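Participant: One structure, as structure tokens, below. Some questions next.
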């Protein structure tokens, strides 16, 4: 009778090694939970892209017009709501977007029960908090004129 062992598994008797057991497949509920968790991570990363774009474009716009005003080529507008203010509002909107995304992600993870076992700090969540801090630091430094 031919050997029932597959060709790619070494013979335990010849080398003296044991074949490691095959891990059990996760059940359908666990796989669905992981898919949902990853979907929330992708959603958070999309919010990060949006918030980071608002923050960086707002900083660029603000710095560009600040440079124009300081060089003397363009006079400062007499109105309160000029291009520099629009840039700062974009930074504020970006920071609010990032903070709202963080809150939404934490709520979704709590609903999934991910925090029941151990606190989960994903790289996307860390990046989100860092981008929000960057925007806050820019706003504070701009208003304090450091």
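Participant: Please compute the Cα-Cα pair-distance distribution of the stretch 55-99 with 10 Å bins starting at 0, giving whole percents from short to long.
Facilitator: 32, 47, 18, 4
Participant: Beta carbons within 10 angstrom, averaged per residue: use that to sort the peptides 93-100, 74-81, highest first. Numbers along the way, then the final one.
Facilitator: On the way: 93-100: 19.5, 74-81: 9.1.
Put in order of decreasing packing, that is 93-100, 74-81.
Participant: Rank-order 49-56, 34-41 by packing density, defined as the average count of other C-beta atoms within 10 Å over each peptide's residues, highest first. Show your work: numbers first, answer last.
Facilitator: On the way: 49-56: 18.4, 34-41: 13.8.
Those peptides, ordered most packed to least, come out 49-56, 34-41.
Participant: Please report, in whole Å³, the volume per residue of the convex hull around the C-alpha atoms of the stretch 68-134.
Facilitator: Roughly 88 Å³ of hull volume per residue.
Participant: If you stretched the chain out fully between residue 79 and residue 30, how much longer would it get, using 0.36 nm times the residue separation minus the C-alpha to C-alpha distance?
Facilitator: 11.9 nm
Every read-out reported here was derived from the displayed coordinates using simple, explicitly stated rules and does not represent laboratory data. Note that this is a predicted model, so its numbers are computed, not measured. Heads up, the Cβs are rebuilt from the backbone with ideal geometry, glycines too, and the neighbour counts pull from every protein chain shown.
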